[in-house]
Amino acid sequence: MINPKERLLTVLRGDKVDRPPVICTGGMMNAATVEIMNNSGHTLPEAHSDPQLMADLAAAIYEQTGFENIGIPFCMTVEAEILGSEVTYGTLACEPKITKEVFLTASEVIMRDVNEMLGSGRVGTVVEAVGILAKRYPDVPIIGNLTGPVSTAASLVDPVSLLKEFRKKPKDCHRVLDYVTDLLIGFAKQMIANGATIISISDPTATGEILGPNMFREFAIPYINRIVDAVHEKNIPILLHICGNMNTVRSLISEIRADAISTDAVVNLRELKAYIPGLTTMGNVSTYLLQFGTTEKVASQTRRLVKDGVDIISPACGLSTSTSLKLIKTMIDAVKEG
């Protein structure tokens with residue numbers, strides 16, 4: 001019988017499998033709910049900064065939910081913190097947040113040595129946790145998560161100022177994006193070296209709704225593809241999650257070289273697959289439904305996505321920490337049991 005790692009990797013190669021994998025990548029799209037943490041005794045915020053606790057909590061999510069992967073970290077602040085921004089680690093029920101970016105404008109950014117930064121902060125915590133999990137679960141895909149380049153740049157520079165500078169000072173913005181992309185590539189390579197099966201990027205600032213098609217093509221795609229190419233050089237597949245409504249950038253998605261595209265619940269994945277033949281799609285069970293819906297509605301939406309030919313089933317975005325384990329398992333069982 002095919003194991004979870006083989007099933008997911010087969011799909012990402014574009015080959016057929018018995019059914020879609022059902023996953024939750026980690027990072028922005030993590031499933032560290034209060035219920036799971038209380039059940040396991042492995043809790044946040046402590047697990048954000050301890051490799052053994054991080055691995056144990058990620059394992060508890062896998063064991064309790066039935067998701068067919070393990071993903072870490074549980075936030076989008078690892079990169080921001082090593083870049084020098086101020087971060088709060090949150091609470092059991094609240095995820096970490098950036099409280100203050102280092103620079104007001106892109107032109108002010110002072111470049112630091114990327115290799116030195118990669119030896120600091122929680123990078124080592126995540127990389128060590130990847131290694132623990134890869135040894136403990138050899139048949140389960142371990143997904144290492146990155147914050148996307150535009151969102152990482154917006155965690156270093158005040159995001160409102162940065163978005164204005166995309167129009168007014170594009171050269172300065174490209175300089176910052178090159179800088180953070182180097183950092184992200186280095187982080188990905190460390191996770192891969194320690195056993196990550198797949199890399200996943202979530203870039204919530206790089207949406208069509210925020211950037212529009214011209215800026216998406218200029219400031220998002222080239223830097224995402226730089227990461228994709230670097231990861232592919234290591235023979236590792238890569239997932240990309242794009243938030244929001246994709247209508248304004250739909251025609252550009254085929255320029256992205258990721259192995260699968262994950263989308264928000266507002267996107268009709270059946271139509272997207274028809275629009276871009278050969279695209280491997282991932283998603284997009286409503287996280288609102290997973291938080292507030294019924295078992296019947298969650299199962300119905302999940303089965304519809306399977307029927308529509310979605311290649312990988314997953315939540316459409318980050319799960320609320322108050323999401324019930326019962327509804328998460330309803331989604332997973334709807335895929336596994338048909």
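The values are calculated or read from the model by the stated rules, or taken from the named source; none is laboratory data. Please read these numbers as outputs of a predicted model, since none were measured by experiment. Reconstructed Cβ throughout: ideal geometry from the backbone, glycine too, with neighbour counts over all protein chains shown. SASA here: full protein model, heavy atoms, side chains in, ligands and nucleic acids out. Shrake-Rupley method; radii C 1.70, N 1.55, O 1.52, S 1.80 Å.
Tell me which of these T248 doesn't satisfy, since it passes every other one: (1) touching a Pro at 6+ places or on another chain (Cβ under 7 Å); (2) modelled with pLDDT of 95 or more.
Just one mismatch for T248, condition (2).
Being touching a strand residue (DSSP E or B) at 6+ places or on another chain (Cβ under 6 Å), in a helix (DSSP H, G or I), buried (at least 21 other Cβ atoms within 10 Å of the Cβ) and hydrophobic (A, V, I, L, M, F, W, C), is that true of even one residue in segment 257-273?
There is at least one residue in segment 257-273 that is touching a strand residue (DSSP E or B) at 6+ places or on another chain (Cβ under 6 Å), in a helix (DSSP H, G or I), buried (at least 21 other Cβ atoms within 10 Å of the Cβ) and hydrophobic (A, V, I, L, M, F, W, C).
Any idea which of K169, K100 is open to solvent by 60 Å² or more (accessible area, probe 1.4 Å) and over 14 Å from E79 (Cα atoms)?
On the way: K100 fails: over 14 Å from E79 (Cα atoms).
From the options K169, K100, the qualifying one is K169.
Name the single residue that is farthest from P141 (Cα to Cα) among those in segment 43-59 being touching a residue at least 12 places away in the same chain (Cβ under 8 Å) and open to solvent by 10 Å² or more (accessible area, probe 1.4 Å). Break it down stepwise before answering.
As a first pass, look at segment 43-59 and keep what is touching a residue at least 12 places away in the same chain (Cβ under 8 Å): 43-45, 47-52, 54-59.
When the remaining residues are screened for being open to solvent by 10 Å² or more (accessible area, probe 1.4 Å), the result is 43-45, 49-52, 56.
Values: T43: 22, L44: 23, P45: 24, S49: 22, D50: 21, P51: 18, Q52: 18, D56: 16 Å.
Result: P45.
I'm told V285 meets every condition in (1) open to solvent by less than 20 Å² (accessible area, probe 1.4 Å); (2) without any contact (Cβ under 8 Å) to a residue 12 or more places away in the chain except one. Can you identify the failing condition by its number?
(2)
Would you mind listing the helices (runs of 4 or more DSSP H) fully within segment 143-251 where at least 1 residues are aromatic (F, W, Y)? Spell out how you get there, then give the answer.
Details: elements: 149-156, 159-168, 170-193, 208-215, 221-232.
Per the criteria, 159-168, 170-193, 221-232.
Take the residues in segment 13-63 that are of a type in the set (G, A, S) and part of a loop (DSSP other than H, G, I, E, B); name whichever of them is farthest from A334 (Cα to Cα).
Restricting to residues being of a type in the set (G, A, S) and part of a loop (DSSP other than H, G, I, E, B), the top hit is S49.
What is the number of the single condition among (1) touching a strand residue (DSSP E or B) at 6+ places or on another chain (Cβ under 8 Å); (2) open to solvent by 40 Å² or more (accessible area, probe 1.4 Å); (3) in contact (Cβ under 8 Å) with a residue 60 or more places away in the chain that S322 does not meet?
The single condition S322 does not satisfy is (1).
Give the number of residues within segment 103-133 that are within 19 Å of G27 (Cβ to Cβ) and either touching a helix residue (DSSP H, G or I) at 6+ places or on another chain (Cβ under 6 Å) or open to solvent by less than 30 Å² (accessible area, probe 1.4 Å) (or both).
Total satisfying the criteria: 14.
Working only within segment 226-238, note down all residues that are under 23 Å from I210 (Cα atoms) and open to solvent by 10 Å² or more (accessible area, probe 1.4 Å).
Scanning segment 226-238 gives a single hit, R226.
Can you run down the residue pairs with Cβ atoms below 6 Å, 6 or more apart or on separate chains, where the first is in segment 93-111 and more than 29 Å from S320 (Cβ to Cβ) and the partner is part of a helix (DSSP H, G or I) and hydroxyl-bearing (S, T, Y)?
Note: pairs meeting the criteria are L104/S161; T105/S161; M111/Y179.
Would you confirm whether or not segment 298-313 contains a residue that is in contact with a helix residue (DSSP H, G or I) (Cβ under 9 Å, 6 or more places away or on another chain), within 19 Å of A274 (Cβ to Cβ), at pLDDT 95 or above and small (G, A, S)?
yes
Could you grab me the full set of residues in segment 185-201 that are under 16 Å from I221 (Cα atoms) and either surrounded by 24 or more Cβ atoms within 10 Å (Cβ to Cβ) or without any contact (Cβ under 8 Å) to a residue 40 or more places away in the chain (or both)? Give the steps one after another, and end with the answer.
At the first step, the residues of segment 185-201 found to be under 16 Å from I221 (Cα atoms) are 185, 200-201.
Result: S200, I201.
Examine segment 114-123 for a residue that is more than 29 Å from N3 (Cβ to Cβ), outside any helix (DSSP H, G or I), more than 19 Å from the chain's Cα centre (by Cα) and among the polar types (S, T, N, Q), and state whether such a residue exists.
Within segment 114-123, one or more residues are more than 29 Å from N3 (Cβ to Cβ), outside any helix (DSSP H, G or I), more than 19 Å from the chain's Cα centre (by Cα) and among the polar types (S, T, N, Q).
Is it fair to say H241 is open to solvent by 60 Å² or more (accessible area, probe 1.4 Å) and in contact with a strand residue (DSSP E or B) (Cβ under 8 Å, 6 or more places away or on another chain)?
Numbers: open to solvent by 60 Å² or more (accessible area, probe 1.4 Å): no; in contact with a strand residue (DSSP E or B) (Cβ under 8 Å, 6 or more places away or on another chain): yes.
No, not satisfied.
Just to verify a result, which residue in segment 61-93, among those that are of a type in the set (D, E) and out of contact with any Pro (no Cβ under 7 Å at 6 or more places or on another chain), is least open to solvent (accessible area, probe 1.4 Å)? Step through it out loud before you land on a result.
Step one: filter segment 61-93 for residues of a type in the set (D, E), giving 63, 68, 79, 81, 86.
Of the ones still in play, those that are also out of contact with any Pro (no Cβ under 7 Å at 6 or more places or on another chain) are 63, 79, 81, 86.
Details: E63: 115, E79: 8, E81: 52, E86: 101 Å².
Checking each candidate, the answer is E79.
E209 passes all but one of (1) closer than 15 Å to A106 by Cβ; (2) open to solvent by 10 Å² or more (accessible area, probe 1.4 Å); (3) without any contact (Cβ under 8 Å) to a residue 60 or more places away in the chain; which number fails?
(1)
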